[in-house]
Amino acid sequence: MNSYFRSAHIAFWALAAACFSFSSPVLAQEEVAEKSPTEILATAPAEHWLPIPLTDLMVLALPDATDGTKRQAVIQLLPANLSGGHVRNVRTFAKTRWWDGTKIYRVAKDFVTQFGGNPDAKALPKGLETVPESEYFNAALGVKRDADMAALKAAVDYSNEYQGTEIRPLMTMIYENGGAQKVGFGGGWPIGSKTIDGETKYFPLTCRGSLSPAHYDPPDAGTGAEISVITGEAARSLDTTFGMVGRVIDGLEHLQNLPLGTDPGGFYAEKSQYTEIKSIRLASELPLAEQPAYEYLASYNPTLLQYIEAHGGYGNICTVSVPIRKVSK
């Protein structure tokens with residue numbers, strides 16, 4: 001057991017040491033002048049841009065716009081090792097082509113765009129899991145967040161002390177007003193935690209772009225057949241009451257810039273107003289030429305904090321999302 005903890009200790013500091021190389025004394029002197037977010041990201045080492053696995057991506061396609069513009073959104077799902085039944089169900093829906101032909105039937109201003117099986121009462125595919133509300137919490141996310149944030153703190157402390165930088169900690173730049181007692185980033189995801197009955201519970205945050213599965217009467221947490229895409233900053237109340245399965249990382253405008261529903265809650269009054277889902281595919285099942293490729297900035301890289309501060313360094317953790325970029329294959 002002692003050798004295990006020695007190995008873990010060595011691995012942690014090796015990771016932290018890798019982070020320390022992100023800057024140089026020359027760069028530290030140059031940082032006196034304010035830099036734009038884009039310029040700051042350019043200083044991040046190439047090895048700290050981490051690939052998003054193809055198996056975690058889905059592509060949602062709507063019918064082309066009237067001017068011929070393709071309307072497509074790329075969705076990143078929570079990784080299998082950091083998620084539960086809802087995400088597995090979502091993968092099942094995509095694999096079986098179940099969402100093809102279903103409808104967007106709700107668009108509420110600065111809140112959600114909702115789609116799925118509700119208007120059609122479509123028969124569900126076989127093999128779906130029953131998801132308990134307890135899966136809104138996820139200990140694996142907490143382990144990842146705390147490890148990344150510890151490595152980030154070590155890297156920032158080293159850079160500030162030995163390289164003359166003045167990088168501020170995350171919680172001096174942001175505040176938390178959504179119900180979590182502590183927030184941070186893990187694996188590129190914003191993750192919160194709070195103490196319930198003496199136990200620390202971790203959960204993904206429903207920031208703008210997040211996918212939140214609809215649920216029914218407790219303890220029925222729903223299958224994931226109906227999904228709300230968060231389009232505003234006012235949906236943090238969904239954190240531990242609806243859960244979160246992924247996020248739109250490209251093309252959110254195609255789901256947000258739709259006619260608003262006029263019925264209460266933003267539901268469409270007439271079926272003629274629905275927007276049909278052309279298809280939702282796992283990216284790994286697309287032809288090779290159509291498979292997207294993206295990278296995210298590692299949560300343990302101090303550039304992440306500089307990037308947040310360059311946007312004003314204010315607001316909650318959802319105000320500035322983790323940098324994600326499309327890359328050529």
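Observations on the structure shown:
- Within region 167-180, tally of residues that are closer than 24 Å to ALA155 by Cα and touching a strand residue (DSSP E or B) at 6+ places or on another chain (Cβ under 6 Å): 1
- Reported count of residues in region 50-106, each being of a type outside the set (Ser, Thr, Tyr), assigned to a strand (DSSP E or B) and buried (at least 19 other Cβ atoms within 10 Å of the Cβ), is 13.
- Out of ALA123, ALA140, one residue alone is open to solvent by 10 Å² or more (accessible area, probe 1.4 Å) and assigned to a helix (DSSP H, G or I). It is ALA140.
- Boolean, GLY246 is touching a residue at least 12 places away in the same chain (Cβ under 8 Å) and either hydroxyl-bearing (Ser, Thr, Tyr) or in contact with a Lys or Arg (Cβ under 8 Å, 6 or more places away or on another chain) (or both): no
- Residue count for region 30-49, restricted to those that are surrounded by 11 or more Cβ atoms within 10 Å (Cβ to Cβ) and part of a helix (DSSP H, G or I): 7
- Pairs are defined by a Cβ separation below 7 Å, a sequence spacing of at least 6 or placement on different chains, a first member in region 259-271 that is at positive phi, and a second member that is among the basic types (Lys, Arg) and open to solvent by 80 Å² or more (accessible area, probe 1.4 Å); the pairs so defined are GLY266/LYS109.
- Just one of the listed residues (GLN114, GLN163) is touching a residue at least 24 places away in the same chain (Cβ under 8 Å), in contact with a strand residue (DSSP E or B) (Cβ under 6 Å, 6 or more places away or on another chain) and buried (at least 16 other Cβ atoms within 10 Å of the Cβ), and it is GLN114.
- When ILE227, ILE196 are screened for being β-branched (Val, Ile, Thr) and either loosely packed, with under 15 Cβ neighbours inside 10 Å or out of contact with any Leu (no Cβ under 7 Å at 6 or more places or on another chain) (or both), only ILE196 passes.
- Filter result for GLU199 (without any contact (Cβ under 8 Å) to a residue 24 or more places away in the chain and either under 22 Å from PRO51 (Cα atoms) or of a type in the set (Asp, Glu) (or both)): yes
The values are calculated or read from the model by the stated rules, or taken from the named source; none is laboratory data. Keep in mind that what you see is a predicted model, and the values were worked out from it rather than measured. Because the Cβ atoms are built from the backbone with ideal geometry, glycine has one as well, and the counts that use them run over all protein chains shown. Side chains are part of the model used for accessible areas, which takes the heavy atoms of the whole protein and leaves out ligands, DNA and RNA. Shrake-Rupley method; radii C 1.70, N 1.55, O 1.52, S 1.80 Å.
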